[in-house]
Amino acid sequence: MEQYIIKGGNPLVGEVDINGAKNAALGILAAAIMTDSTVLIENLPDVNDINVMLEAMSQIGVKVERVTSHAALISSKGINGVSVDYEYIKKIRASYYLLGALLGKYKEAEVPLPGGCNIGSRPIDLHLKGFRALGAEVSIRNGSICAKAEHLHGAHIFLDTVSVGATINIMMAACMAEGRTIIENAAREPHVVDVANFLSSMGANIRGAGTDVIRIRGVERLHSTEYSIIPDQIEAGTYMFAAAATHGDVLVKNLIPKHMEAISAKLIEMGCQVDTFDNAIRISCKGRLNGTNVKTLPYPGYPTDMQPQISVALSMAQGTSIVTESIFENRFKYMDELARMGAMVKVEGNTAIITGVDALTGARISAPDLRAGAALVLAGLAAEGITVIDDISYIQRGYENFDGKLRELGAQIERISTEKEAQKFRLKVS
């Protein structure tokens with residue numbers, strides 16, 4: 001089993017390039033099967049979730065050609081089924097996007113109930129409500145969601161709560177339905193907009209993506225396209241907080257500053273210097289950080305996927321900070337691991353009370369999920385001594401070459417799989 005071993009205490013300094021957005025890529029890959037023509041998708045992140053999604057698509061007959069590690073040609077002309085294998089689906093939650101894509105194109109889909117990180121309840125009732133409104137019969141049988149329709153028709157759909165997954169899934173199903181669909185209380189996240197832009201580049205008629213009302217007029221068919229995925233907002237934010245936690249100076253390149261505004265605002269509140277350029281942000285942090293309060297919210301609010309990273313930084317900030325998680329109810333599991341490193345944290349329901357300490361200390365810890373795992377790497381980079389992180393497969397689901405990029409910024413971190421490699425690292429850094 002692979003681990004990260006880290007010698008903390010080095011400020012991160014230098015430049016880092018951001019890859020394509022994993023969450024956008026998963027929706028776009030699913031949408032690519034909605035045309036019989038070949039689609040070229042560029043700026044794909046080379047991470048485990050993307051590779052699993054491509055394998056799941058190949059299993060139903062989609063032809064996938066990896067042109068490079070960051071580009072793929074997709075052709076669904078030879079698709080031979082609408083039932084997706086559980087072995088793939090159990091690994092990633094976003095596989096449920098194949099529901100909307102298959103239902104929209106073939107009017108039928110069977111996809112196992114999804115897996116992914118255990119960060120709390122993520123019900124799919126809004127997805128099913130949307131499919132039913134479009135005219136599909138939907139049931140859950142033998143652990144799978146089964147959706148079927150003679151034909152799909154437009155509908156006026158109000159989402160009870162803001163849901164990125166439901167917005168994308170309903171949008172895909174509706175873009176080839178007869179007539180007009182309106183989705184109200186739609187999610188506004190950047191990757192919702194990116195999936196809508198991709199569908200539009202194939203000929204879909206979608207208006208309002210990025211607002212809380214999306215209007216879709218169905219078309220008969222979609223055509224080929226070439227499309228480049230937006231930069232990953234969460235990967236960028238993770239490196240921004242890596243600079244903050246280690247009192248470093250990092251230029252984060254190939255991002256969209258507009259997407260980073262909530263994150264940048266919190267870093268400024270915490271005392272960092274944040275300089276914004278056309279497609280880059282520089283973070284410079286000198287001296288101890290200031291504590292602050294933060295509440296996760298749907299975009300354009302502070303992202304839930306950036307909650308563990310800011311909490312790690314706040315664990316070493318002056319004073320007491322309060323972090324409120326309003327999206328997922330089980331997202332503070334990593335706090336026990338952080339406490340093992342000397343953090344003073346107390347979790348009450350959906351709120352964490354964090355009293356900053358002068359320094360964290362290295363420990364043997366475990367990554368409980370993707371974003372918390374990345375945040376614990378930041379804790380290790382800032383801590384005194386050696387930190388070993390288990391279960392890094394979670395982190396590899398969403399961060400490409402994480403340890404390599406951190407080493408380029410001056411971090412002392414290695415990916416290891418044996419005690420001999422751990423001893424070799426300790427000798428090298430001692």
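The values are calculated or read from the model by the stated rules, or taken from the named source; none is laboratory data. Note that the structure is predicted; figures quoted are calculated from it, not measured. Note that each Cβ is placed from the backbone with ideal geometry, even for glycine, and that neighbours are counted across all protein chains shown. Note: areas computed on protein heavy atoms with side chains; ligands, DNA, RNA excluded. Shrake-Rupley method; radii C 1.70, N 1.55, O 1.52, S 1.80 Å.
For residue 333, the test of being of a type in the set (D, E, K, R), closer than 21 Å to residue 269 by Cα and modelled with pLDDT under 95 is failed.
Considering only residues of the stretch 305-330 that are of a type in the set (Ser, Thr, Tyr) and open to solvent by less than 20 Å² (accessible area, probe 1.4 Å), which is farthest from residue 285 (Cα to Cα)? Applying the filter and picking the extreme gives 321.
State all residues of the stretch 23-48 that are in a helix (DSSP H, G or I) and open to solvent by 10 Å² or more (accessible area, probe 1.4 Å); if no residue qualifies, say none. Correct list: 23, 48.
Check the stretch 49-66 and report whether any residue there is among the hydroxyl-bearing types (Ser, Thr, Tyr), open to solvent by 10 Å² or more (accessible area, probe 1.4 Å), in contact with a strand residue (DSSP E or B) (Cβ under 9 Å, 6 or more places away or on another chain) and not in a helix (DSSP H, G or I).
no
Exactly one residue out of 331, 221 is under 30 Å from residue 182 (Cα atoms), of a type in the set (Lys, Arg) and in contact (Cβ under 8 Å) with a residue 40 or more places away in the chain, and it is 221.
Among the residues of the stretch 333-372, those identified as under 24 Å from residue 4 (Cβ atoms) and β-branched (Val, Ile, Thr) are 345, 354, 357, 361, 365. Among the candidates 255, 338, the residue that is surrounded by 24 or more Cβ atoms within 10 Å (Cβ to Cβ) and more than 30 Å from residue 32 (Cα to Cα) is uniquely 338. Remark: pairs (first residue in the stretch 190-212, in contact (Cβ under 8 Å) with a residue 12 or more places away in the chain and acidic (Asp, Glu); second residue open to solvent by less than 30 Å² (accessible area, probe 1.4 Å) and not in a loop (DSSP other than H, G, I, E, B); Cβ separation under 7 Å; 6+ apart in sequence or on different chains) = 194/24; 194/28.
Where helices (runs of 4 or more DSSP H) fall entirely within the stretch 122-204, those with at least 2 residues that are under 23 Å from residue 230 (Cα atoms) and in contact with a Gly (Cβ under 6 Å, 6 or more places away or on another chain) are at 164-174, 190-201. Considering only residues in the stretch 71-116 that are touching a Gly at 6+ places or on another chain (Cβ under 8 Å), surrounded by fewer than 19 Cβ atoms within 10 Å (Cβ to Cβ) and not in a helix (DSSP H, G or I), the one that is modelled with the lowest pLDDT turns out to be 90. Among the residues making up the stretch 143-168, those that are in contact (Cβ under 8 Å) with a residue 60 or more places away in the chain and open to solvent by less than 10 Å² (accessible area, probe 1.4 Å) are 152, 165, 168. Looking across 404, 398, one residue alone is exposed (fewer than 15 other Cβ atoms within 10 Å of the Cβ) and either within 27 Å of residue 52 (Cα to Cα) or touching a residue at least 24 places away in the same chain (Cβ under 8 Å) (or both). It is 404.
For the stretch 182-194, the criterion of a residue being open to solvent by less than 20 Å² (accessible area, probe 1.4 Å), among the acidic types (Asp, Glu) and over 15 Å from residue 128 (Cα atoms) is satisfied by at least one position.
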